[in-house]
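Any read-out appearing in this document is the output of simple, stated calculations on the displayed coordinates, not a laboratory observation. What you see is a predicted model, and the numbers here were worked out from it, not measured in a lab. Heads up, the Cβs are rebuilt from the backbone with ideal geometry, glycines too, and the neighbour counts pull from every protein chain shown.
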Amino acid sequence: EVQLVESGGGLVQPGGSLRLSCAASGFTFTNYWMNWVRQAPGKALEWVANIKQDLSEKNYVDSVKGRFTISRDNARNSVYLQMNSLRAEDTAVYYCATWGSDGPFDFWGQGTLVTVSS
Amino acid sequence: QSALTQPRSVSGSPGQSVTISCTGTSSDVGGYNHVSWYQQHPGKAPKFLIYDVNKRPSGVPDRFYGSKSGNTASLTISGLQAEDEADYYCCSYAGRSTFVFGIGTEVTVL
């Protein structure tokens, strides 16, 4: 059974940093691109970033470029999102999701809430 | 990277059909046959429903049907059931391994 478990969310002040983690199990991690998708309270889903299996390619939505960094550790079956210079508009539930052979975001974690507020 | 346009809400009675549209541009929906759809119940993670415009992952009922014409994709739910009441999001590949989601549609079963 595929499992994605996010952690690392919490309350942080504007301008602060946070590192999210996503532990994967139940599938061959190195066969999948990994993504982060966020959802602000009461709002739509927004793709944030992704990373290729061999770490050779990383992509970001314009609003987080230069502030967020996605990484992965294939030995630990984990993907991370380092978030710096956080803003109130980054407040959201952050999901990690796979990009499998069937299509993007075929499996999702339960999400972790990030709140940026003073 | 502008969000795809969806109707805010649609509704139907049990057994009826509803269709949700998803309008983008030639840089996303119109440029690729990589439109996917997700169902999200309140407080839950999204569920993968449709990929590559009209393909269903294993386990998704054939009541869910996807299509596309030009810059607009559509999801049709036939034989509407109470459990179909949820938010639905379209998503399109937008080139260079990036994606854009729609604004979401709330489906209400009357």
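For region B:1-57, just list the percent of Cα-Cα distances falling in each 10 Å bin from zero outward, please.
For region B:1-57, the pair-distance distribution reads 18, 45, 32, 4.
According to the Kirkwood expression over distinct Cα-Cα pairs, how big is the hydrodynamic radius of chain A, in Å?
Result for chain A, one decimal place: 14.1 Å.
Once Rh for the protein assembly as shown is found with the Kirkwood sum over Cα pairs, what is the Stokes-Einstein diffusion coefficient at 4 °C and 1.567 mPa s, in µm²/s? Write out the running numbers ahead of the final one.
Working: Rh = 17.8 Å.
D = 73 µm²/s.
Treat every Asp and Glu Cβ in the protein assembly as shown as -1 and every Lys and Arg Cβ as +1, leave all other atoms uncharged, and give the resulting dipole magnitude about the Cα centre to the nearest 20 debye. Could you put the intermediate results ahead of the total?
On the way: 18 positive and 19 negative charges, 88 e Å.
Charge dipole, the protein assembly as shown, about its Cα centre: 420 debye, nearest 20.
For region A:31-89, how big is Rg over Rh, using alpha carbon atoms and the Kirkwood form of Rh?
Numbers: Rg = 12.1 Å, Rh = 12.3 Å.
Dividing the radius of gyration by the Kirkwood radius yields 0.98.
Which listed residue (A:Q82, B:V100, A:F29) has the Cα farthest towards the positive end of the charge dipole for the protein assembly as shown, taking +1 on Lys and Arg C-beta and -1 on Asp and Glu C-beta about the Cα centre?
Working it through, the farthest residue towards the positive pole turns out to be A:Q82.
Return the lysines within reach of A:K43: Cα separation strictly under 23 angstrom, same-chain partners fewer than 8 residues apart disregarded; answer none if there are no such residues.
In chain and number order, the partners are A:K65, B:K44, B:K47.
If you project the alpha carbons of region B:46-110 onto the principal axes, what extent comes out on each, in Å, largest first?
40, 24, 23
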